[in-house]
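As structure tokens, the structure follows; a few thoughts come after it.
Where a number appears in this text, it was derived from the coordinates with a stated rule and is not lab data. Note that the coordinates shown come from a computational prediction; the quantities given were computed from them, not determined experimentally. Virtual Cβ from ideal backbone geometry, glycine too; neighbours counted across all protein chains shown.
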Amino acid sequence: MHNKHAWVVRTDEGLKREVRVIKSGGSWRFQSKRADEVCWSYYDEPPLQDLEEFREILFRKYQRRRAAYEDVQWAERELARQRDRLSDPGK
């Protein structure tokens, strides 16, 4: 069963950028597309800003019983891992 989350943000240039996150088979897949692009961009390592927004969306859905707490925990672990990696690039 798929677990889908999507949201739209505006870039600094004023363009809409849609971000989708899909959980399938126990792994998460991040993708995004700007309004002026034809194809979706897929990420092995999602941008930190997208991951932060994803964690907030998951937490709000969890409060309404629309998402599992394990998914919120995964997002928090992933955020911590990325922040550690960015703060210490030698790792």
| said: Let me check against my output: what whole-number percent is the relative contact order of the chain, with C-alpha pairs under 8 Å and at least 6 apart? | reply: 16
| the chain: calculated mean residue ellipticity at 222 nm from DSSP helix runs of at least 4, using -39500 (n - 2.57) | -13000 deg cm²/dmol
| query | What is the fewest-to-most order of Arg65, Arg10, Arg83 by other Cβ atoms lying within 10 Å of their Cβ? | reply | Arg65, Arg10, Arg83
| Got a sec? How would Ser27, Ser32 order by Cβ neighbour count within 10 Å, fewest to most? | Ser27, Ser32
| task | Among Ile22, Ile57, rank each residue by its count of other Cβ atoms within 10 Å, from fewest to most, as a rough exposure measure. | result | Ile22, Ile57
| note | The number of Lys pairs in the chain whose alpha carbons lie under 15 Å apart, excluding pairs fewer than 8 residues apart on one chain, is 4
| message | Between Leu48 and Trp74, what is the label-point separation in nm under the 7 Å Cα-to-beta-carbon projection? | response | 2.3
| task | Based on alpha-carbon positions alone, could you give the equivalent ellipsoid semi-axes of the chain from the gyration tensor, as √(5λ), descending, whole Å? | result | 21, 19, 13
| remark: The ³J(HN,Hα) series, computed from each phi in the stretch 51-62 with the Karplus coefficients 6.51, -1.76 and 1.60 at θ = phi - 60°, rounded to the nearest Hz and given as x for glycine or proline, is 5, 5, 5, 4, 4, 5, 5, 4, 5, 5, 5, 4
| task | Find, among the GluC sites (Glu not before Pro) in the stretch 17-91, those assigned to loop by DSSP (not H, G, I, E, B) with at most 14 other beta-carbon atoms within 10 angstrom. | result | Glu37
| query | In a GNM of the chain with a 10 Å cut-off on Cα contacts, which of Arg66, Arg34, Arg20 has the highest mean-square fluctuation? | reply | Arg66
| task | Kindly write out, for the stretch 24-37 in residue order, the coupling ³J(HN,Hα) from the Karplus curve 6.51 cos²θ - 1.76 cosθ + 1.60 (θ = phi - 60°), rounded to whole Hz, with x marking Gly and Pro. | result | 9, x, x, 10, 9, 10, 9, 8, 8, 8, 8, 4, 8, 9
